[in-house]
1. Could you pull out every one of the helices (runs of 4 or more DSSP H) wholly within the chain that has 1 or more residues that are surrounded by 11 or more Cβ atoms within 10 Å (Cβ to Cβ), within 14 Å of the chain's Cα centre (by Cα) and modelled with pLDDT of 80 or more?
2. Can you list residue pairs whose Cβ atoms sit under 6 Å apart, with the first residue in segment 73-84 being under 17 Å from residue 63 (Cβ atoms) and the second being modelled with pLDDT under 70 and of a type outside the set (Val, Ile, Thr)? Count only pairs 6 or more apart in sequence or on different chains.
3. Scan segment 16-43 and report the pairs whose first residue is without any contact (Cβ under 8 Å) to a residue 60 or more places away in the chain and whose second residue is surrounded by fewer than 12 Cβ atoms within 10 Å (Cβ to Cβ) and not in a helix (DSSP H, G or I), with Cβ atoms within less than 9 Å and a gap of 6+ or a chain change.
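The values are calculated or read from the model by the stated rules, or taken from the named source; none is laboratory data. From a predicted model like this one, the values you see are computed outputs, not experimental measurements. FYI the Cβ positions are ideal-geometry reconstructions off the backbone, even for glycines, and counts take in every protein chain you see.
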Amino acid sequence: METTADRLRKLIQKAPELSDAEKLRQAIEMVDAGIEMMRLNLRRQFPDDPQASIEERLLAWLRERPGAPQGDGVGVPSSRRFDA
């Protein structure tokens, strides 16, 4: 049975062969998957909340990034801010 680690290892090995467009597509797919995972997590945490409330919580999580207030990247934090 292939594990998540096995799949990630294969993706990493395949990465040098991918075009820039394919790498971008994979990155977008991973972001979409992460957002969906958080949506499901919120649904488990708040099973009685209406869907609109779950979406509000999801948007707040995306804006605030608890645990990563300055982003996930290494280096100097950007001063740019984006309003939703």
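1. Details: elements: 4-14, 20-45, 51-64.
Where helices (runs of 4 or more DSSP H) fall fully within the chain and carry at least 1 residues being surrounded by 11 or more Cβ atoms within 10 Å (Cβ to Cβ), within 14 Å of the chain's Cα centre (by Cα) and modelled with pLDDT of 80 or more, they are 20-45, 51-64.
2. The qualifying pairs are 77/70.
3. Correct list of pairs: empty, since none qualify.
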